[in-house]
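Data block below; observations after.
The values are calculated or read from the model by the stated rules, or taken from the named source; none is laboratory data. Every value quoted in this text rests on a predicted model; they were computed, and no experiment measured them. Positions of Cβ are generated from backbone atoms using ideal geometry, with glycine treated the same way; all protein chains shown enter the neighbour counts. The accessibility values were calculated without ligands, DNA or RNA, using every heavy atom of the protein model including side chains. Shrake-Rupley method; radii C 1.70, N 1.55, O 1.52, S 1.80 Å.
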Amino acid sequence: MTIHKTKVGRMLNSIKLIFPLPVQKSIDFAAKMIVNFYRSEGFMAVNSLSFSFLLSFIPFALAIASISYWLPISTKIINSSVNYVFIHFLPQTGGVLYKQFKVFLHHTTHLPSFGFIFLIITAYNLIMSVETHLNKMLHILRPRKFIFSLALYTLFIILGALIVYAEVYLRIFLLSVSYLTNFEQYVIIGLNFILSSALFCCIYYFVPGQHARYSSVLITGMAASILFSLSKAAFVFYATHFFQSYDLIYGSLVIIPLFLLWLYIAVLNLLFCAQIMYVRDFQKFYLPQNQSE
């Protein structure tokens, strides 16, 4: 088996030499990302984290939205922000889920204190699950102190919410300015990219057990945002053109397989792009056993 891997490695190296040096370095970087994702049981982690999102996403969103209504923020901004998050981050299913979410949100006003505390615990538990899987991808073996993690989770939630509210406020302001109408589409695309990049950067900086360099976090966040946009476009194209047979089978329940499929794609994007930080910052602290011999 080792001889076979050596032959394959030599063959790949000989093919790689055909390309210019910058391309060779890019190939090496991508190969390290893929190898570490495979060695870290990346697809098993994607399955596990997708299930966590499936159970905790709605309680997480309810907790954030409920707390936001206590803050000195316009109700219009909050409602527009929640709607925007569902539509932007949950293509093809966000509209239907948002309608149900508004019903759930109305019911939270009648929740007892214990029920609301349960929503908060669920929200933090989801972030803790993301940290566990990112630590596994980055081979971070020493967890942070629990209190310190809670403080960073809180900071992440606050910054994430403020980024979304600021972006939605800018969208409302820019769309109300008549002379920007011709550039409206490009402005919205730019704001979407900035929002996604900022949120991914917050995740990659605050959630893992150890901080990466700012440059690595920025590169990883932008790469994740680009890949997220490409994945969303491909998913929308697939759901529009090739999901009609599922619509005939499931009827109104077709949103369920669509939602599950998109959750898997989004989590795969989150964990795979984390390999950029691993190769740039964490690889030197981790040497696989089969490479150290």
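At Lys145 and Ile121, where each label point lies 7 Å from the Cα along Cα→Cβ, what is the point-to-point distance in nanometres?
2.4 nm
Could you order Met277, Met44 so the one with the most accessible surface comes first? Probe is 1.4 Å.
Values: Met277 0, Met44 125 Å².
From most exposed to least exposed: Met44, Met277.
Round to the nearest 0.05 the FRET efficiency obtained for Ser74 and Ile18 when R0 = 45 Å and r is the Cβ-Cβ distance.
The pair Ser74/Ile18 has a calculated efficiency of 0.15.
Under a crude label model (7 Å from the Cα following the beta-carbon direction), how far is Thr108 from Phe237 in nanometres?
My value for the distance between the label points is 3.6 nm.
Normalised by the empirical 2.2 N^0.38 Å for globular proteins, what value does the Cα Rg of the stretch 195-241 take?
Numbers: Rg = 13.1 Å, N = 47, 2.2 N^0.38 = 9.5 Å.
Relative to the rule-of-thumb radius for its length, the stretch 195-241 sits at 1.38.
Can you give me the solvent accessible area of His211 with a 1.4 Å probe, rounded to the nearest 10 Å²?
90 Å²
Which of the residue pairs Lys102/Lys232; Lys32/Lys232; Lys99/Lys136; Lys102/Lys136; Lys76/Lys232; Lys25/Lys136 have a Cα-Cα distance greater than 31 Å in the structure shown?
Numbers: Lys102/Lys232 24 Å; Lys32/Lys232 25 Å; Lys99/Lys136 36 Å; Lys102/Lys136 35 Å; Lys76/Lys232 27 Å; Lys25/Lys136 25 Å.
With Cα atoms farther than 31 Å apart: Lys99/Lys136; Lys102/Lys136.
Using a 1.4 Å probe, how large is the accessible area of Lys76, given in Å² and rounded to the nearest 10?
130 Å²
Convert 25 °C to kelvin, take the viscosity as 0.890 mPa s, use the Kirkwood radius over C-alpha pairs of the stretch 62-112 as Rh, and evaluate the Stokes-Einstein diffusion coefficient in µm²/s, rounded to a whole number.
Values: Rh = 11.4 Å.
My calculation gives 215 µm²/s for D.
When the solvent-accessible surface of protein heavy atoms is calculated with a 1.4 angstrom probe, in what order do Thr240, Thr108 fall, highest first?
On the way: Thr240 70, Thr108 20 Å².
Ranked from most to least accessible, the order is Thr240, Thr108.
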